[in-house]
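Read the structure below first, then the notes.
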Amino acid sequence: MIDHIGLFVADAAKRADFYEKLLAPLGYVKKAAYPTAVCFANDEDGDGPIWLESPKDGNPVVPSHVAFRAKTADAIKAFHEAGLAAGGTDNGKPGPRPNYGPGYYAAFVHDPDGNNIEAMLNDYQA
């Protein structure tokens with residue numbers, strides 16, 4: 001099992017506001033903040049913490065893909081809208097993704113550092 005994930009962004013402290021808005025529709029809140037790292041976790045159960053981290057020693061940010069499980073399609077729509085309003089770019093509007101599997105519904109937002117952030121659910125029924 002995965003305990004937590006670290007996602008590199010150019011400046012964790014500056015990027016915290018973006019992620020706070022992006023992840024709020026999925027129930028995530030800021031749990032800890034330090035100059036080079038910020039933690040968000042699901043407020044309901046504390047599961048799935050993600051740490052935004054500033055690269056050390058001048059290392060570049062290498063964009064990654066992280067998917068968050070949502071509870072509803074409406075939460076995914078709100079995630080997508082919040083991400084775009086906060087300065088992210090669209091990488092896939094909310095909708096079914098039958099090529100990913102039956103019942104797969106998702107949306108994708110690129111954060112300002114190029115990370116591909118997804119909200120998804122596996123049991124969508126139109």
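See the values below:
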quantity	calculated
Tensor-based shape of the stretch 43-83 (alpha-carbon gyration tensor, a/c under 1.5 rounded, otherwise prolate or oblate)	prolate
Mean-position separation - Cα centroids, the stretch 1-30 and the stretch 84-126, in angstrom	16
Lysine pairs in the stretch 14-126 with Cα atoms under 15 Å, if 8 or more residues apart or on separate chains	5
Net charge of Cβ neighbours under 14 Å - reference Ala33; Lys, Arg +1; Asp, Glu -1	0
Test item: Cα-centred dipole of the stretch 1-100, Lys/Arg +1 and Asp/Glu -1 on Cβ, debye	240
Calculated FRET value between Asp74 and Asp47, using beta carbons and R₀ = 22 Å, to 0.05	0.60
Net charge contributed by nearby residues that have their C-beta within less than 11 Å of Asp123 (K/R +1, D/E -1)	+2
Cα-centred dipole magnitude for the stretch 48-126, charges only on beta-carbon of K, R (+1) and D, E (-1), debye, nearest 20	240
Cut-off 14 Å (backbone N to label point 7 Å along Cα→Cβ of Ser64), residues of the stretch 24-45	37-40
The chain: angle of helix 12-23 to the longest principal axis, Cα-based, in degrees nearest 10	20
√(5λ) per eigenvalue of the Cα gyration tensor, the chain, largest first, Å	24, 15, 13
Listed residues Glu53, Glu20 arranged by accessible area, highest first, probe 1.4 Å	Glu20, Glu53
Crossing angle, helix 73-85 versus the chain [Cα axis fit, 0-90 degrees, rounded to tens]	40
Environment charge at Asp47 (Cβ cut-off 13 Å; Lys +1, Arg +1, Asp -1, Glu -1)	-1
Share, in percent, of DSSP beta bridges within the stretch 1-70 that are antiparallel, nearest 5	70
Among Asp111, Asp17, Asp90: highest mean-square fluctuation, GNM of the chain, C-alpha pairs under 10 Å	Asp17
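The values are calculated or read from the model by the stated rules, or taken from the named source; none is laboratory data. Predicted, not measured: the structure shown is a model, and the values here were computed from it. Note that we place each Cβ from the backbone using ideal geometry, even for glycine, and neighbour counts take in every protein chain shown. The area values use the complete protein model at the heavy-atom level, side chains included, leaving out ligands, DNA and RNA. Shrake-Rupley method; radii C 1.70, N 1.55, O 1.52, S 1.80 Å.
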